[in-house]
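Engineer: Just passing along the structure, written as structure tokens.
The values are calculated or read from the model by the stated rules, or taken from the named source; none is laboratory data. Quick caveat, the model's predicted, so the values are computed rather than measured. A quick note on method: Cβ atoms are made from the backbone with ideal geometry, for glycine too, and the neighbour counts reach across all protein chains shown.
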Amino acid sequence: MSIPMLQLRGVSKRFGGIQALQNIDLVGQAGEVHGLIGPNGAGKSTLIGCITGVNRIDGGEIRLRGDRIEQLPVHRRARLGVARTFQKIRLAQQLTVFENVAAGLCAKRFATASGWRGVLAPLSSRAIAEPVEDALVATGIADLADEKVASLPYGKRHFVELARNLVAEPDVILLDEPATGLTDDEREHLSMLVRQMAERGTLVILVEHDLNLVGRLCDTVTVIEYGRRIFNGTPAEAQDDEAVVRAYLGSAKLAKEAQA
Amino acid sequence: MSETSAWILRALFVAVLATLPFLVNGYWLNMAILALIYSLVVYSITVLTGFTGLLSFGQAGFVGLGGYTYGVLSVKGVDPAAAAAWGLLVPTVAGFLLGLPAARLRGHYLAIGTLGFGVLVGQMLNNMVDVTRGPMGLLGIKSFGFDRVTWFYFVLALAVGLCAALEYLDRRTFLGVVLKSVKYDEISASASGIGVFAVKLLAFSASAFLAGSCGVLLAAYMRFLTPDLFISAESFRYLMMSVVGGVGSASGAIISSLILTAVPEALRAFGETNVRLLVYGLMVLFVLWFLPGGIGGLIDRLMTPVRRRITPRPRVAEPAPQPTSLPGRAS
Amino acid sequence: MLTQIIVNGLILAGNYALVAVGLTLVFGVMRMVNFAEGQSVMIGAFVAFTATPYVGYLPAIAIAMATNAVLGIILERTAFRPFRGMELNGLIASMGMSIILINLAELIWGTVPQTFDTSFNNISVTIGTVGVSVQRLLVIASSVVLLLGLWWLVQYSNLGRQFRAVSEDPEVAGAMGINTNAVARMSVVLGSALAAAAGALSGPVNLITPEMGQAEMLNAFAAIILGGFGNVNGTIFGALLIGMVQSLAAVYVSNAYSNSIAFGLLVVTLIFFPRGLVPERMEENV
Amino acid sequence: MRLTALTLLATLCGGGLLAMPTLANAQTATETVKVGVILPLTGNTAWGGRPAKVAAELAAAEVNAKGLAGKYKLDLVFADGACEPRTSYGAAEKLINEDRVQVMIGEWCSSASVAAAQVAADAKVPMVVQISTADGIAKNAGPYVFQSIMQNGEVQEREAELLLQKFQFKTAAILVENNDFGLSFRKNIREILERKGIKVVLDIPQDRHDVNWYSIITSIQGANPDIVVASISAGQAANFVKQYAESNMKTPLFFDYPPPPYIFEKQVGEQAGKLGLVRGAFFLKNPDMSQREKDFVAAFEPRAEKELGAPHPTVHWDIVTYDAVMLVADALKRAGAKPDDLAAALAKADYQGVLAHYQFDADRGVKPEGFEFVFIRTTPEGGLEVVK
């Protein structure tokens, strides 16, 4: 088997007195959709932060295509092909959709030292406009290109963030609860985008509460609870795993039963 | 306003400015020259605060470094062109060096940190008597040998050219997007591969360069320097010009530095008393009340429809690798 | 000599602290820098100076504080409320107000620096080897009392809880039913009144002029940053630190760079603690 | 055109001999010279600029009434320099380019005067710097600028001389504010005192914006000198004396000339009197003053009181401003209003003013020999007396 796209080994992270992550292992292959689930506060967003570099890990290693990246700052990892969305959407509110997506190009353009040479290029030049427009079309927000992000409905902003990631053609994309606040149609659109990305060979790591969506989309699922990995396998296996059911699905099931 | 009329308006503005030497006497021409020179330091705030979102209370420090480097060297007999080059280099390097620690600071921590830099430069210029002649003032500075009208067209060309370049940078170029991404959200900017620290260093150096160029021109034009020209209060005056012009709008910056330089002089008509400054203070308040976005905000409001229409995207209609069944819903 | 240095430092610190806590309160609640705080000091000194012959010194301090409370309301209305969320506009608007206040003061009280003598000025007690006027001791004592009062207010009173709630998160505080406008107004009123006290207390130590108050502003800024913007207790600590360091440096280093020394301390601190010695709040959670 | 033609016709008609003097008379009656005067009329030095303005107006009134400028009448145009270089620069530009003044006088603060002098030099408008004592303003600004007051170096030489005469001391502390006269004072006095074998035990500058002098007083206490010699500007000096007296300091105190007599005594007369503060001065109202000075005081003080709304005892800044207008009038009378002639005439001035006898050296600085310089002491009652 070839070198995995992303490999975490024994990743640990402490915040003050709290052990947020302990000894997490995770392997993701190119073209895989990897679900990352767990109860609230389990450490999913922290783990994403560790992979992208927002959080510095205290122990363990993170390899991208076999190379260790845990010491690199956020923007360097982005340039190596690690993209992400945020649970609480982070976009430049006062800029237009087009400009926000164009900013996503930095990861690709600055990946080489000569990237600085093109910074004075006009936004209308082909090298910028074409990929941005493609991403806008793919995410279905082309008609909003010149709107300010602040004026968009919440659901649309998810797609702006996605387009901003897509435009850089990342190798790994981490989606932090991308379906929150989406309509059913938008949710379908999102699933289709995720599949397309995977088909293109991107590793998609999906943090999501909608287990339905996770079940439909993911090839593999990692479940964490209290900062520890308690399961790794296919979604189908996860449904039968005792620990997972107890920790997470159980509570959801209980909730469903209570509803019924 | 259509794009054509916007261009006509811009051209008209520059044309009116260009006829100034024929319309006003030397006194007002001098004011215009000073205002245009000051517009450079306001641009430095446009780049730093307006584009990149970094607040500086110490711009007078860079202006002073540029001015005194030029002044001291030229008094020592260095050729004006060489002195000017040094006068641009020294503040730029200082901006870079200050940026190293300052780029890690946020918001008001940065503002006060840079205020410290401004205070330090001010005190140094005053206390290093052997070099700067301190409070005795530096006289006998050599200049480029321009007469007043030449000076006017020279600084007009510089100010208008820089204004156009900055507007272009801001609205049309990739670099503009990079800078503004850092301004609005550093975390998402770095997640998109933008080296926030490097961008901030670049902004600091560019801003210091612009402020330094203002200092060099001030020294070369006025041909005297005193440390009092570069005290912290000046930094705040530049900031006032920037805010009245609309931080981040280069067009607003040039108009506001013209207005805010001319008004205190025009108000001498109220008599040489405190009333004049009282009216000045009130005027600033009124501008802010009625134009919270400054002059640039007003320009933007007039121009916004233009911006939307000038970026039509015919390619968007073409079916690219299209989602077949699930197109995004039109909002 | 050391006693003397400590007394000097305490006087400086008291003065900076009274100005700085006013700035910090306004900043905490509104995220705005009140540039006219120095002029509030000046107006406070002049009002107390004008009132003293009629009512005596101590009541005059109260009058100055009351007058400045009104000035605070005017400031909040003209310079801060119109610019909620636009902090630079607030800064420049308060700069506009400070220009207006200086020139009004020059028109009312003239430009000749004036002596503001109180009965405490001429009584001198000996501490260590040198004399210290009772006025200066009064400055220290009153600063301590006022700052303790403020600390109690912020920490334990209902209003203080509202201050802290609004500082923490104005939106949530508003949703909880706190009248953020009223809290904002109170912050400026309190800040202004404290500045008046600073002016009325330190006025008799030095001459009073319409330009006074501006030098204190610089050091108050430094104190605020050291203590963490918006943090009242941290600010008091910052002021104390700056007062002491300046006092020491003046004797053992040089006074020609006295402001730079305060800012040098600040810059060094910021290099190691980019968010001040007493950080404002936890790092943002992404 | 038509007038010239008519005049020509009249001359031709044979009235030549009669017409000539009439023509000259007409000229005498009409030619007005605009004199620009920049003074701090707002801001922290307006206390001095406003009375100085009255003195300048008094001088102009006298010149015009008595024809002291020959065929010229003076028309003073005032502009506020606010003691700031930038404002003074604007003021000078306005006076020269808008009001078209033919000669300038001003400012007060050295940095502001430097700014105005540069404008005057560029425009080739003669200018008299009458108050600022920073060394070499005229020398550096070029041939159109004159400095009609003794410069710091010269003042301080006199002060050191008098100091050694009037005080007995072996050690001294030098204390200055880091403004122009402070820094110059520090350098000159130290040199002179050390040459005379005085030991300088303390030598400290203080930032000019810093009103806290306690730390410096603590240092002085530690060094324990025989005398403290200080150069501090007007308002700051009063702060210092206040804090010095309050700290129970007994070391004798000597000041450079900047603290303004009377205003200073009104501010801290009591404390200064207790200390027996001595300072340098160009002038003090006293029974032994010259007749010219007596006349000036008699004419000036009622006028100043009327204009300013409060009594204003004469200080040297008023007189030097008055004298500067007179100097200009004298030069106009001798050489006319053409800039080059006027500058040349000023350079050759040999004029007895109220305060001094004015003659300029090659660098257009006034010759110090024409000036008297005295020491004045604050009396315990808060009055002032000349140290005999």
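Engineer: Select, from C:242, C:225, the only residue that is modelled with pLDDT under 85 and either in a helix (DSSP H, G or I) or more than 14 Å from chain B (Cβ to nearest Cβ) (or both).
Structural biologist: Answer to the selection: C:225.
Engineer: Next question, about the same structure. In contact (Cβ under 8 Å) with a residue 12 or more places away in the chain and under 23 Å from residue A:166 (Cβ atoms) - does that describe any residue in region A:228-245?
Structural biologist: No, every residue in region A:228-245 fails to be in contact (Cβ under 8 Å) with a residue 12 or more places away in the chain and under 23 Å from residue A:166 (Cβ atoms).
Engineer: Can you tell me how many residues in region D:329-360 are over 19 Å from residue D:129 (Cβ atoms) and in contact with a helix residue (DSSP H, G or I) (Cβ under 6 Å, 6 or more places away or on another chain)?
Structural biologist: 3
One line per residue, one yes/no per condition, for (1) surrounded by fewer than 20 Cβ atoms within 10 Å (Cβ to Cβ); (2) in a helix (DSSP H, G or I); (3) facing another protein chain (nearest Cβ under 7 Å); (4) not acidic (Asp, Glu):
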| residue | (1), (2), (3), (4) |
| --- | --- |
| A:83 | no, no, no, yes |
| A:88 | yes, no, no, yes |
| A:99 | no, yes, yes, no |
| A:107 | no, yes, yes, yes |
| A:116 | yes, yes, no, yes |
| A:127 | yes, yes, no, yes |
| A:132 | no, yes, no, yes |
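Engineer: Out of the residues in region D:271-282 that are under 10 Å from residue D:377 (Cβ atoms) and not hydrophobic (A, V, I, L, M, F, W, C), state the one that is surrounded by the fewest Cβ atoms within 10 Å (Cβ to Cβ).
Structural biologist: D:276
Engineer: Which residues, counting only those in region A:134-179, are within 18 Å of residue A:194 (Cβ to Cβ), without any contact (Cβ under 8 Å) to a residue 60 or more places away in the chain and more than 8 Å from chain B (Cβ to nearest Cβ)?
Structural biologist: Within region A:134-179, A:135, A:155, A:179 meet the criteria.
Engineer: Then there's this: Out of all the residues in region C:36-51, is one or more at pLDDT 85 or above, within 14 Å of chain B (Cβ to nearest Cβ) and not in a helix (DSSP H, G or I)?
Structural biologist: Yes, because at least one residue in region C:36-51 is at pLDDT 85 or above, within 14 Å of chain B (Cβ to nearest Cβ) and not in a helix (DSSP H, G or I).
Engineer: Which is of a type in the set (Gly, Ala, Ser), within 8 Å of chain D (Cβ to nearest Cβ) and within 22 Å of residue C:213 (Cβ to Cβ), of C:96, C:131, C:110?
Structural biologist: One residue alone meets the criteria, C:110.
Engineer: For residue B:280, work out the one condition from (1) of a type outside the set (S, T, N, Q); (2) at the interface with chain C (Cβ under 9 Å from one of its Cβ atoms); (3) in contact with a Gly (Cβ under 8 Å, 6 or more places away or on another chain); (4) at negative phi it doesn't fulfil.
Structural biologist: Exception for residue B:280: condition (3).
Engineer: Taking residue C:62 as meeting all but one of (1) touching a helix residue (DSSP H, G or I) at 6+ places or on another chain (Cβ under 8 Å); (2) more than 14 Å from chain B (Cβ to nearest Cβ); (3) among the hydrophobic types (A, V, I, L, M, F, W, C), write down the number of the exception.
Structural biologist: Result: residue C:62 passes all but (1).
Engineer: Taking into account only those residues within region B:101-141 that are at the interface with chain C (Cβ under 8 Å from one of its Cβ atoms) and of a type in the set (S, T, N, Q), which is farthest from residue C:221 (Cα to Cα)?
Structural biologist: B:127
Engineer: When you check residue D:285 against the structure, is it within 14 Å of chain C (Cβ to nearest Cβ), surrounded by fewer than 22 Cβ atoms within 10 Å (Cβ to Cβ) and modelled with pLDDT under 95, yes or no?
Structural biologist: Here the answer is no, as residue D:285 does not meet what is asked.
Engineer: Looking at (1) modelled with pLDDT under 90; (2) more than 28 Å from residue B:291 (Cβ to Cβ); (3) touching a Phe, Trp or Tyr at 6+ places or on another chain (Cβ under 8 Å), which one does residue B:216 not meet, given that it meets all the others?
Structural biologist: Of (1) modelled with pLDDT under 90; (2) more than 28 Å from residue B:291 (Cβ to Cβ); (3) touching a Phe, Trp or Tyr at 6+ places or on another chain (Cβ under 8 Å), only one is false for residue B:216: (1).
Engineer: A further question on this structure: Answer yes or no as to whether residue D:84 is under 18 Å from the mean Cα position of the chain (by Cα), among the acidic types (Asp, Glu), within 14 Å of chain B (Cβ to nearest Cβ) and surrounded by 24 or more Cβ atoms within 10 Å (Cβ to Cβ).
Structural biologist: In short, yes.
Engineer: Kindly provide the set of residues from region D:224-258 that are of a type in the set (Ser, Thr, Tyr) and at pLDDT 85 or above, ordered by number.
Structural biologist: D:231, D:233, D:244, D:251, D:257
Engineer: Could you check, for region D:173-186, whether at least one of its residues is over 22 Å from the mean Cα position of the chain (by Cα) and free of Cβ contacts under 8 Å to residues at least 24 places away in the same chain?
Structural biologist: No - not one qualifying residue is present in region D:173-186.
Engineer: Next question, about the same structure. Take region A:44-81 and flag every residue that is part of a loop (DSSP other than H, G, I, E, B) and touching a Phe, Trp or Tyr at 6+ places or on another chain (Cβ under 9 Å).
Structural biologist: Residues satisfying the conditions are A:55, A:73.
Engineer: Still on this model: Those residues that are without any contact (Cβ under 8 Å) to a residue 12 or more places away in the chain and either within 21 Å of the chain's Cα centre (by Cα) or away from chain C (no Cβ under 11 Å) (or both), I need them from region B:239-277; list them, please.
Structural biologist: Matches in region B:239-277: B:266, B:268, B:269, B:270, B:271, B:272.
Engineer: Could you list, in sequence order, the residues of region D:98-124 that are of a type in the set (A, V, I, L, M, F, W, C) and away from chain B (no Cβ under 12 Å)?
Structural biologist: Residues satisfying the conditions are D:103, D:104, D:105, D:108.
Engineer: Please find, within region D:211-221, the residue that is nearest to the other protein chains (Cβ to nearest Cβ) out of those that are closer than 11 Å to residue D:177 by Cβ and crowded, with 24+ Cβ neighbours inside 10 Å.
Structural biologist: D:216
Engineer: List the helices (runs of 4 or more DSSP H) inside region B:1-82, counting only whole elements, that have at least 2 residues being of a type in the set (A, V, I, L, M), within 27 Å of residue B:117 (Cα to Cα) and touching a Gly at 6+ places or on another chain (Cβ under 9 Å).
Structural biologist: Here the list reads B:26-45, B:59-75.
Engineer: Okay, next question. May I ask you to verify whether residue C:2 is surrounded by 24 or more Cβ atoms within 10 Å (Cβ to Cβ), hydrophobic (A, V, I, L, M, F, W, C), out of contact with any Pro (no Cβ under 8 Å at 6 or more places or on another chain) and within 11 Å of another protein chain (Cβ to nearest Cβ)?
Structural biologist: When the stated conditions are applied, residue C:2 does not pass them.
Engineer: Does at least one position in region A:213-233 carry a residue that is assigned to a helix (DSSP H, G or I), of a type in the set (Asp, Glu) and more than 29 Å from residue A:140 (Cα to Cα)?
Structural biologist: No; the residues of region A:213-233 include none that is assigned to a helix (DSSP H, G or I), of a type in the set (Asp, Glu) and more than 29 Å from residue A:140 (Cα to Cα).
Engineer: Quick check: anything in region D:56-78 within 20 Å of residue D:282 (Cβ to Cβ) and either within 8 Å of another protein chain (Cβ to nearest Cβ) or in contact with a strand residue (DSSP E or B) (Cβ under 9 Å, 6 or more places away or on another chain) (or both)?
Structural biologist: For region D:56-78, residues within 20 Å of residue D:282 (Cβ to Cβ) and either within 8 Å of another protein chain (Cβ to nearest Cβ) or in contact with a strand residue (DSSP E or B) (Cβ under 9 Å, 6 or more places away or on another chain) (or both): present.
Engineer: Part of a loop (DSSP other than H, G, I, E, B), assigned by TED's automatic domain parsing to the domain that holds residue A:217 and out of contact with any Asp or Glu (no Cβ under 9 Å at 6 or more places or on another chain): does that describe residue A:41?
Structural biologist: The answer is yes for residue A:41.
Engineer: Which one is farthest from residue D:83 (Cα to Cα), of the residues in region D:229-244 that are surrounded by 24 or more Cβ atoms within 10 Å (Cβ to Cβ) and of a type in the set (A, V, I, L, M)?
Structural biologist: D:229
Engineer: Which condition does residue B:194 not pass, out of (1) in contact (Cβ under 8 Å) with a residue 40 or more places away in the chain; (2) not in a helix (DSSP H, G or I), if it passes all the others?
Structural biologist: (1)
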